[in-house]
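Please treat every number below as a calculation from the coordinates, not as lab data. What you are looking at is a predicted structure, and each value in this text was computed from that prediction instead of being measured. Backbone-built Cβ (ideal geometry, glycine too); neighbour counts: all protein chains shown.
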């Protein structure tokens with residue numbers, strides 16, 4: 001008589017079947033989640049627009065609280081912010097709103113107040129920008145269709 005064995009673990013066939021089922025599920029699920037790049041760029045530009053809105057409000061509040069209407073600079077958390085002395089909002093520059101919102105190097109700040117997202121090589125994305133106004137500290141024209149690179 002053969003003694004009964006206590007079976008522990010899985011058979012090879014069971015393991016192969018699980019791997020096959022996982023492979024089939026991955027083949028259908030992967031294409032749905034493969035392109036996160038566009039969504040990440042969209043989230044980045046929307047996050048930067050929100051950061052610029054908040055930073056403009058905070059810097060303006062500091063400018064008003066300081067009480068010097070002719071001041072062209074305020075200090076926030078030890079960082080000097082260049083201000084538009086006429087309206088009291090951060091200037092549309094890297095030393096102004098760029099410093100106030102702590103925007104990284106992946107953003108291009110044009111002197112017109114246009115803030116655009118760039119790729120690691122520094123090329124601008126098309127339709128991936130927003131407009132900042134130093135006259136009233138508002139963010140307008142947020143374009144977040146960040147799919148293609150602009151041609152140089």
Mind pulling the angle between the C-alpha long axis of helix 12-33 and the longest principal axis of the chain? Nearest 10 degrees, somewhere in 0 to 90. 30
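Of all DSSP beta bridges located in the chain, what percent are antiparallel, nearest 5? Walk me through the intermediate numbers first.
On the way: 18 of 18 bridges.
Taking every DSSP beta bridge within the chain, about 100 percent pair in antiparallel fashion.
Can you give the percent of C-alpha pairs in the stretch 65-112 whose distance is more than 14 Å? List each step's numbers first, then the result.
Values: 530 of 1128 pairs.
Cα-Cα pairs of the stretch 65-112 separated by over 14 Å account for 47 percent.
Only Cα pairs under 8 Å and at least 6 apart count here; give the relative contact order of the chain as a rounded whole percent. Display every interim value, and only then the final one.
Details: 219 pairs, mean separation 29.0, N = 152.
Relative CO of the chain lands at 19 percent.
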Counting only helical runs of four or more DSSP H residues, what would the 222 nm mean residue ellipticity of the chain come to if each run contributes -39,500 (n - 2.57) and the total is spread over all its residues? -12000 deg cm²/dmol
Rank by packing, highest mean first: peptides 14-23, 101-110, with packing defined as the count of other Cβ atoms within 10 Å averaged across residues. 101-110, 14-23
